[in-house]
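Just below is one structure, and these are the notes that go with it.
The values are calculated or read from the model by the stated rules, or taken from the named source; none is laboratory data. On a predicted model such as this, the values are computed, not experimentally measured, just so you know. Glycine gets a Cβ as well: all are built from the backbone with ideal geometry, and neighbour counts include every protein chain shown. Side chains included, ligands, DNA and RNA excluded: accessible areas come from the protein's heavy atoms. Shrake-Rupley method; radii C 1.70, N 1.55, O 1.52, S 1.80 Å.
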Amino acid sequence: YFSLGDWAHTEEQRSRVLREFQELHRLQPDNEAFLYGLANAYHRMANLEEQTRHYAAAKANVLEAIERFNQISARNPKDILKRVDWTFAQQRLGSILISMGDLEGALDAFQQVLPIREQLRAMDPKDARARLNLANSHAAIGYVLLEMGNPLTAQAHFEQQRRLDEELIKVDPIGVTYRYSLSEAYENLGRVALRLGQKERGNAYLREALRVYDELRARGAISAEYAAVPARIQSEFTGPK
């Protein structure tokens, strides 16, 4: 239902799951599986509410999710892998706060995630998911910094995003998700350069971002979710393309 954009049925099902996990956790508060299920149920409700622009409700539910994930981590203080789902909920909080106009709150949320994801990547440098998650953290922090008027600080994070994406592509040259992220990194660097008045450099980065999509289009590998991105990139050029 969520993938189809059928929000009414999505809400019906996710609300039902949330109520069931609330009851299960009430009956067995020491059962970690039920606590984990409850945390995820809150997070999924927040995801839906963010999509439907009910930001206050989304914030409330993602904070409930974060609290439960923190409880799980408190029970397993030496197991950093228990923090993985917390990082996704925390990133969701940052995204919601951006939509609510709270850039400082979003930056704080994203910055709390970064050291955890750095540790997760260090645990296994070959873990592609950990690398991509770290790249996404740098992208999120960079985005907020750019919106707050700090392009040079943002640029450092976007460079980290690009480096991590390029490492992933070396290992998996046909990985579509990694190429989406690489295109985003080029687009982000282009936005920084244009903000700094570096027109030629900015446009060059944007051309690189579009080139990634040209390659994906030739492979028939652009999903509906990303179909509108090339037009967005085109709109960001300054002067002749």
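Net length available on complete extension from Ser235 to Asp102 is 45.3 nm, with 0.36 nm assigned per residue and the Cα-Cα distance removed.
Within the shell of other residues whose beta carbon sits under 14 angstrom from the beta carbon of Tyr36, the net charge comes to -2, with Lys and Arg scored +1 and Asp and Glu -1. Only Lys, Arg, Asp and Glu carry charge here, each on its Cβ (+1 for the first two, -1 for the last two); on that basis segment 84-175 has a dipole of about 240 debye about its Cα centre. Note on the chain: with neighbouring protein chains present and a 1.4 Å probe, carbon and sulfur make up 51 percent of its accessible heavy-atom surface. Spatially, segment 210-241 and segment 1-69 are offset by 34 Å when compared through their Cα centroids. Under a Cβ-only charge scheme (Lys and Arg +1, Asp and Glu -1), can you give me the dipole magnitude of the chain about the Cα centre, in debye to the nearest 20? I would put it at about 480 debye.
Within the chain, the whole DSSP H helices whose Cα atoms reach 15 Å or more along their own axis and whose mean Kyte-Doolittle score is at least -0.5 are 32-51, 55-75, 84-99, 103-123, 128-147, 176-195. Rolling a 1.4 angstrom probe over the protein heavy atoms with all chains in place gives segment 106-219 an accessible area of 46 Å² per residue. The residues of segment 1-66 present an accessible area of 60 Å² per residue when probed at 1.4 Å with all protein chains retained. Could you tell me the number of lysine pairs in the chain with C-alpha atoms less than 26 Å from each other, where the two lysines are 8 or more residues apart or belong to different chains? Total qualifying Lys-Lys pairs in the chain comes to 5. Applying 0.36 nm per residue to the separation of Asp79 and Asp6 and subtracting their alpha-carbon distance, the gain on full extension is 22.6 nm. Full extension of the chain segment joining Leu152 with Gln51 gains 33.3 nm, where the gain is 0.36 nm per residue of separation less the Cα-Cα distance. Each Cα pair under 8 Å and six or more residues apart adds its separation to the average, and for segment 1-141 the resulting relative contact order is 15 percent. Can you list the residues of segment 93-133 with backbone N under 19 Å from a point 7 Å past the Cα of Lys170, pointing along Cα to Cβ? Output list for this probe position: 121-133.
Just read off the accessible area of Glu236 with the full protein assembly in place, 1.4 Å probe, to the nearest 10 Å². Only protein atoms counted, so the area is about 50 Å².
Taken over the chain, the alpha-carbon convex hull comes to 131 cubic angstrom per residue. The residues packed around Ala74, meaning those with a beta-carbon under 15 Å from its beta-carbon, carry a net charge of 0 if Lys and Arg are +1 and Asp and Glu are -1.
Compute the relative contact order of the chain as a whole-number percentage, counting only Cα pairs closer than 8 Å that sit 6 or more residues apart in sequence. It comes to 10 percent, rounded to a whole number. Just how far, in whole angstrom, is segment 74-114 from segment 118-173 if you go by their alpha carbon centroids? Each part's Cα centre sits 15 Å from the other's.
Projecting the Cα atoms of Leu194, Val212, Val171 onto the dipole axis of segment 154-218, where Lys and Arg carry +1 and Asp and Glu carry -1 at the beta carbon, places Leu194 farthest toward the positive end.
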